[in-house]
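Please read the structure below before turning to the comments.
The values are calculated or read from the model by the stated rules, or taken from the named source; none is laboratory data. No experiment lies behind these values; they were computed from the predicted model shown. Reconstructed Cβ throughout: ideal geometry from the backbone, glycine too, with neighbour counts over all protein chains shown. Ligands, DNA and RNA are stripped out before the accessible areas are found, and what is left, the full protein with its side chains, is counted by its heavy atoms. Shrake-Rupley method; radii C 1.70, N 1.55, O 1.52, S 1.80 Å.
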Amino acid sequence: MATKKEDIKVITPEMAKIPAGPLELKWTNYKNHQKLVNPANKRRLDVIVIGTGLAGASAAASLAEMGFNVLNFCIQDSPRRAHSIAAQGGINAAKNYQNDGDSVYRLYYDTIKGGDYRAREANVYRLAEVSNNIIDQCVAQGVPFAREYGGLLDNRSFGGAQVSRTFYAKGQTGQQLLLGAYSALSRQIGKGKVKMYTRYEMLDIVLIADENGEKRARGIIARNLVTGKIERFFAHAVVVGSGGYGNTFFLSTNAMASNGSAAMQMYRHGAYFANPCYAQIHPTCIPKHGDFQSKLTLMSESLRNDGRIWVPKKLEDAKRLQAGEIKGRDIPEEDRDYYLERRYPAFGNLVPRDVASRAAKERCDKGYGVNNTGLAVFLDFSDAIQRLGKDVVAQKYGNLFQMYEKIVDENPYENPMMIFPAIHYTMGGIWVDYELQTSVKGLFCIGEANFSDHGANRLGASALMQGLADGYFVLPYTIQNYLSDQIGVPRMSTDLPEFAEAEKAVKAKIDKLMAIQGKRSVDSIHKELGLIMWDFVGMGRTAEGLKEGIKKIDAIKKEFWTNVYIPGEANALNNELEKALRLADFIEIGRLMAVDALHREESCGGHFREEYQTPEGEALRQDDKFAYVGCWKYTGEDSEPELIKEPLDYEFTERKTRNYKS
Ligand SMILES: Cc1cc2nc3c(=O)[nH]c(=O)nc-3n(C[C@H](O)[C@H](O)[C@H](O)COP(=O)(O)OP(=O)(O)OC[C@H]3O[C@@H](n4cnc5c(N)ncnc54)[C@H](O)[C@@H]3O)c2cc1C
């Protein structure tokens, strides 16, 4: 007898659809045997793609190029404004142009190790395998990657790797890659194969039971953000590439519109939310400078190629820096503590982000912070300027230096930059099988929105790689395996009761929010949530703190639903309503993150439980108890979610303690 969905407690490799066979042949074998949809049938099948970031745009363009009819939605006024545009530093691929020993296996190994052995082997290997195709595809589209004098594409180094495999376009890699994907998308819009809906926000997914009673994703309810109109859309499958949920923390490096609502809609319909507590805190952000700030700015990890991170050796120097009596450049070389080089001689300033962030926190907690809040360390280019000359440094990082100067009003060529960790990326997300399908049939999830291939910690320049791998090279194959069974399913009317009910529920939620008319702005409540998240679910977590955090989040939820004030009308342009709808979900995600962090009694990657550390302050995994993906299943509005585990029984990789020292 087949296992009923309600009875699933453990996800087996078969359920995750991981192909059998040797690691390096799994993807090839999958492609050789997957079911295909013939060209005439493709024309009869509609696919909704949510998002136009690198994942969404590449998927929408590829599926349309293959012949499917695509309906593509995004919040922004142009697909080109998706958050992916912000990516600065680069994209990884195992081309080995530098002849420094790189290979598909090495990229696989660095990624799985960087993620603290909490990712699926088969997925990570596939990611490394298709990485090279991505670069070829983007070059063919005209993406202006940086080149060396001889004409070959240039590379630089990113954290967690000892080879140079990061392809880049100055400090605008995401923008250039997105322009490439956008060109491909525009071509399909022009041909009528993609119908583009900008300024539309999906507010729910519509599920319809098939003849066997199994519910399948068959469409969405979306709000036209300009007119406020609620509309219904049908498709044979729904693909969500809605990005990450880092803005739960209010202050983050993410774009202002980045949100977790699409993920929560999937979750409420039965898609598992995997590893929600795995959030990445990026070590090189411009420190917070005031209470009225709504955004944090990333200084790209690429700066750690040539920049050296330090704090003063002497507490009295730190105190004088904090009081503004001296500048970083006034401290002599012998009084500087290059703490990453000291603690991690093999990787130095290029240790992975989680390690670098915790090391900065450790120094600042001990009083060595270098700005007026005591929450900053130096990122210093004086050595690089001496070695390479100011012009070369400007060529490589000029726009980043300019951005820093505009925000901080200090010249980073003359005085070291100040940086501090900030929330940046979420490795957790909606659980997907090897085909990128969620635990709901016909509902796929790609890019940062899924729980992805990065385990407990993503390496720099690997998010763009994963988003484009999903959109250009994985989903276009795997979705066919699903759609090949759907060719007989006719287009359904959006007058069906399932659509009507979903629309009614969305409208009821909006009416409820509009009717509160309380005293607090959406942002004021979000800011409070952010502080709780940072203090209790942030860089250092404890059981006691997490329990306290959950109580506080519950109180915030109550405050939000009784005291939020949303001006204006529901059936018109209303930014506050948009933000309120997203905040309602951030509150739920924040709680889920805390619940997951509390249950995971170990430290791994971005999840650091203070109770589980080595005497040197390094993360201490508990492989015997927690070597699994923690998937949370929705059980209702006011009941606790249920934990389902996908064991990560490694067949091909030996789990080791991550070592960046030697
Ligand atoms: C400042 C910064 C720099 C970075 N630099 C790098 C880097 O150098 N290298 C690297 O690999 N990674 C980098 N990253 C990470 C990387 O940029 C992201 O992980 C990646 O771009 C996410 O792409 P995505 O397509 O999954 O989502 P996004 O780019 O976030 O796109 C999400 C899309 O979904 C749409 N959407 C969301 N919700 C809805 C809804 N309900 N209805 C309709 N549409 C919706 C949005 O409108 C948008 O189009 C950086 C991140 C930041 C913040």
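Relative to its Kirkwood radius, the Cα radius of gyration of segment 538-662 gives an Rg/Rh of 1.10. Size descriptors for segment 82-139 (Cα atoms only): Rg and Dmax, in that order, 12.5, 35 Å. If you take every DSSP beta bridge whose two residues both sit in the chain, what share of them, in percent to the nearest 5, is antiparallel? Among the beta bridges of the chain, antiparallel pairing accounts for roughly 70 percent.
For the chain, the longest principal axis of the C-alpha atoms and the axis of helix 121-141 are separated by about 90°. Among 446-452, 593-599, sorting by the average number of other beta carbon atoms lying within 10 angstrom of each residue, highest first, gives 446-452, 593-599.
A cut-off of 5 Å between modelled amide H atoms, ignoring neighbours fewer than 5 places along the same chain, links D210 with K215, R216.
Under 5 Å between amide hydrogens, built in the peptide plane, is the criterion, and for F444 it picks out V238, V239, V240, T438 among residues at least 5 positions away or on other chains. Which one of W561, A627, F586 is farthest out on the positive end of the charge dipole of segment 554-662, using unit charges on Cβ (Lys, Arg +1; Asp, Glu -1) and the Cα centre as origin? Highest projection toward the positive end goes to A627. Go ahead and estimate [θ] at 222 nm for the chain from helices alone: -39,500 (n - 2.57) per DSSP H run with n ≥ 4, summed, over the residue count, rounded to 500. Helix contribution divided over all residues of the chain: -11000 deg cm²/dmol. Taking N as the residue count of the chain, its C-alpha radius of gyration divided by 2.2 N^0.38 Å amounts to 0.93. Taking chymotrypsin sites (Phe, Trp or Tyr not before Pro) across segment 108-193, the ones in a DSSP loop with at most 10 further Cβ atoms lying within 10 angstrom of their Cβ are Y149.
Any of K295/K366; K507/K552; K191/K507 with alpha carbons more than 31 Å apart? Name them for me. From K295/K366; K507/K552; K191/K507, over 31 Å: K191/K507. Each residue of segment 14-28 was assigned a 3J(HN,Hα) from its phi angle through the Karplus curve 6.51 cos²θ - 1.76 cosθ + 1.60 (θ = phi - 60°); the sequence is 5, 5, 7, 6, 7, x, 6, x, x, 3, 6, 10, 4, 5, 4 Hz, with glycine and proline shown as x.
Say the cut-off is 27 Å between C-alpha atoms; which of K113/K314; K17/K633; K314/K527; K327/K661 go over it? Violating the 27 Å Cα-Cα cut-off are K113/K314; K314/K527; K327/K661. Relative to the longest principal axis of the Cα atoms of the chain, the long axis of helix 173-190 makes an angle of roughly 20 degrees. Taking the accessible area of segment 327-384, probe 1.4 Å, and keeping the other protein chains in place, the carbon and sulfur fraction comes to 49%.
For segment 146-230, the spherically averaged projection of the C-alpha convex hull amounts to 11.4 nm².
Heavy-atom surface analysis with a 1.4 Å probe gives segment 420-545 a carbon and sulfur content of 55 percent of its accessible area.
At a probe radius of 1.4 angstrom, the accessible area of the chain per residue rounds to 38 square angstrom.
Per-residue Karplus couplings for segment 529-534, computed as 6.51 cos²θ - 1.76 cosθ + 1.60 with θ equal to phi - 60°, are listed in order as 4, x, 5, 5, 4, 5 Hz, Gly and Pro entered as x. Would segment 528-601 count as rounded, prolate or oblate if I go by the C-alpha gyration tensor, calling it rounded below 1.5 in a/c and otherwise prolate when a/b exceeds b/c, oblate otherwise? Here segment 528-601 falls in the prolate category. With the biggest extent put first, the Cα atoms of segment 49-170 measure 43, 39, 27 Å across the principal axes. Seen against the Cα atoms of the chain and their longest principal axis, helix 390-408 is set at about 80 degrees.
Using the Cβ-Cβ distance between D554 and E362 with R0 = 25 Å, the FRET efficiency computed as 1/(1 + (r/R0)^6) comes to roughly 0.20.
The 3J(HN,Hα) values that the Karplus relation (6.51, -1.76, 1.60; θ = phi - 60°) gives for segment 354-364 are, in residue order, 4, 5, 5, 5, 5, 5, 5, 4, 4, 5, 5 Hz. Gly and Pro appear as x.
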